[in-house]
Amino acid sequence: ESQRAYPDELIGFIDIEHAINLEYAQILGLDISPERFILSQPSSAEEAFEILGAFSESGLFSAICFDSIGALVTQDQLDKGMDENTIGSVGGLIGKSISRINIAACASNTTIIWINQIRTKISLFGSSETVAGGRALPFFHSTRIKIKKINVIMVKDKPVGQVVKYEVTKNKVGTPFGVIETAIYFGIGFDEYTETIE
């Protein structure tokens with residue numbers, strides 16, 4: 001959709017998980033030609049934020065997808081392993097980097113889509129859900145949307161898609177706390193006809 005709206009600008013995809021399927025992305029309508037799309041697969045969290053900062057400051061991108069915060073590993077963790085001394089290093093790095101990235105994205109009118117995962121924590125009080133990356137990132141988001149699969153769409157005992165629930169948990173640019181459900185079909189994406197009718 002961003003490519004349609006801004007045909008003269010690039011789309012960036014920072015693939016921390018090294019798991020993007022470009023063939024499937026093309027089926028869903030993404031133009032991955034070099035003049036429309038740039039893919040980066042950094043090896044560390046520091047490298048990922050340097051690339052994101054450079055993309056944001058360039059003014060060449062309409063949207064950048066950062067996939068995902070939960071997969072970030074700092075160079076310290078790569079060198080020393082996951083021990084007590086490296087716990088929280090991703091959160092610290094995000095805290096130091098996010099201000100610069102946020103200012104650059106605002107100045108260049110670039111949308112950054114941060115993908116994160118919900119994790120389960122041991123909690124006697126309050127919610128047992130938490131997200132990776134520390135506490136700094138949520139304060140800089142304009143919009144936070146919680147996405148959850150709630151059902152599988154079957155045709156003759158074969159899964160063809162899934163029903164997904166979207167819950168807006170924060171919104172600086174509109175009304176918060178909206179909830180919708182929609183269908184996503186494998187190999188197609190959204191059913192535009194059904195969505196339009198509804």
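The values are calculated or read from the model by the stated rules, or taken from the named source; none is laboratory data. On a predicted model such as this, the values are computed, not experimentally measured, just so you know. Backbone-built Cβ (ideal geometry, glycine too); neighbour counts: all protein chains shown. In case anyone asks, the SASA skips ligands and DNA or RNA and just uses the protein heavy atoms, side chains included. Shrake-Rupley method; radii C 1.70, N 1.55, O 1.52, S 1.80 Å.
Report, ordered by chain and residue number, the aspartates and glutamates lying within cross-link reach of Lys148, taken as a straight Cα distance under 19 Å and ignoring same-chain residues fewer than 8 apart.
Result set, ordered by chain and number: Asp67, Glu129, Glu167, Glu181, Asp191, Glu195.
Search the structure for amide H atoms under 5 Å from the amide H of Thr74, placed 1.01 Å from N in the peptide plane, and list their residues when 5 or more places away or on another chain.
Under 5 Å from the amide H of Thr74: Ala45.
Around Ala183, under 9 Å between beta carbons, what's the net of Lys plus Arg minus Asp minus Glu among the other residues?
So the surrounding residues net to -3.
Give me the one-decimal Kirkwood hydrodynamic radius in Å for segment 68-198, with the sum taken over alpha-carbon pairs. Please report the intermediate quantities before stating the final value.
Numbers: mean 1/r = 0.0561 Å⁻¹.
That comes to 17.8 Å for segment 68-198.
Report, in debye and to the nearest 20, how large the dipole of segment 22-102 comes out about its Cα centre when Lys and Arg carry +1 and Asp and Glu carry -1 on their Cβ. Kindly include the intermediate steps, with their values, before the conclusion.
Working: 4 positive and 12 negative charges, 49 e Å.
Charge dipole, segment 22-102, about its Cα centre: 240 debye, nearest 20.
Using a 1.4 Å probe, what is the accessible area per residue for the chain, in Å²?
Working: 12700 Å² over 198 residues.
Ligands and nucleic acids excluded, the result is 64 Å² per residue.
Based on DSSP, what percent of beta bridges with both residues in the chain are antiparallel, to the nearest 5? Intermediate results must be reported in sequence, preceding the final value.
Values: 24 of 39 bridges.
Of the beta bridges lying entirely in the chain, close to 60 percent run antiparallel.
Report the charge-dipole magnitude of segment 5-151 in Debye, nearest 20, computed about the Cα centre from +1 at each Lys and Arg Cβ and -1 at each Asp and Glu Cβ.
Details: 11 positive and 17 negative charges, 168 e Å.
I would put it at about 800 debye.
On a C-alpha basis, how far is the centre of segment 1-63 from the centre of segment 171-198 in Å? Whole number, if you could?
What the calculation gives is 23 Å, centre to centre.
What list of ³J(HN,Hα) couplings, whole Hz, do you get for segment 59-64 from phi and the Karplus terms 6.51, -1.76, 1.60, once you set θ to phi - 60° and write x for glycine and proline?
Using θ = phi - 60°, the values come out as x, 8, 10, 8, 8, 10 Hz.
Of the options Ser40, Ile69, Phe125, report the single residue whose Cα projects farthest towards the positive end of the charge dipole of segment 24-125 (beta-carbon charges: Lys, Arg +1; Asp, Glu -1).
Phe125
Report the label-to-label distance for Val173 and Glu195 in nanometres (one decimal), using points 7 Å from each Cα along the Cα→Cβ vector.
1.6
Calculate the spin-label point distance for Ile32 paired with Ile115, positioning each point 7 Å from the Cα along the beta-carbon direction, and give it in nanometres.
If labels sit at Ile115 and Ile32, their model points lie 1.3 nm apart.
Can you tell me which aspartates and glutamates have their Cα less than 18 Å from the Cα of Lys80? Leave out same-chain residues fewer than eight positions away.
Glu46, Glu47
Work out the charge dipole of the chain with +1 on the Cβ of Lys and Arg and -1 on the Cβ of Asp and Glu about the Cα centre, then indicate which of Thr182, Gly92, Asn171 is farthest towards its positive end.
Farthest towards the positive end: Asn171.
Please list 89-96, 181-188 highest first by mean number of surrounding beta-carbon atoms within 10 Å per residue. Walk me through the intermediate numbers first.
On the way: 89-96: 17.8, 181-188: 13.5.
Output ranking for 89-96, 181-188: 89-96, 181-188.
On the protein heavy atoms, probe 1.4 angstrom, tell me the percent of accessible surface of segment 1-66 carried by carbon and sulfur. Walk me through the intermediate numbers first.
Values: 1820 of 3490 Å².
Accessible surface attributable to carbon and sulfur in segment 1-66 totals 52 percent.
At a Förster distance of 25 Å, what's the computed FRET efficiency of Ala54 paired with Ile147, Cβ-Cβ distance as r, to 0.05? All intermediate terms of the calculation are to be shown ahead of the outcome.
Working: r = 28 Å, r/R0 = 1.12.
Approximately 0.35, to the nearest 0.05.
Each label point is 7 Å from the Cα along the Cα-to-Cβ direction; what then is the distance between the points at Tyr166 and Lys96, in nm?
With each label placed 7 Å out from Cα toward Cβ, I get 3.6 nm.
Note down the net charge around Glu192, summing +1 for each Lys or Arg and -1 for each Asp or Glu among other residues with Cβ under 13 Å from its Cβ.
Details: positive: Arg4; negative: Glu1, Asp191, Glu195, Glu198.
Value of the local net charge: -3.
Residues with beta-carbon under 9 Å from that of Gly70, excluding Gly70: net charge, scoring Lys, Arg +1 and Asp, Glu -1?
Details: positive: Arg119; negative: Glu17.
Net charge in that neighbourhood comes out at 0.
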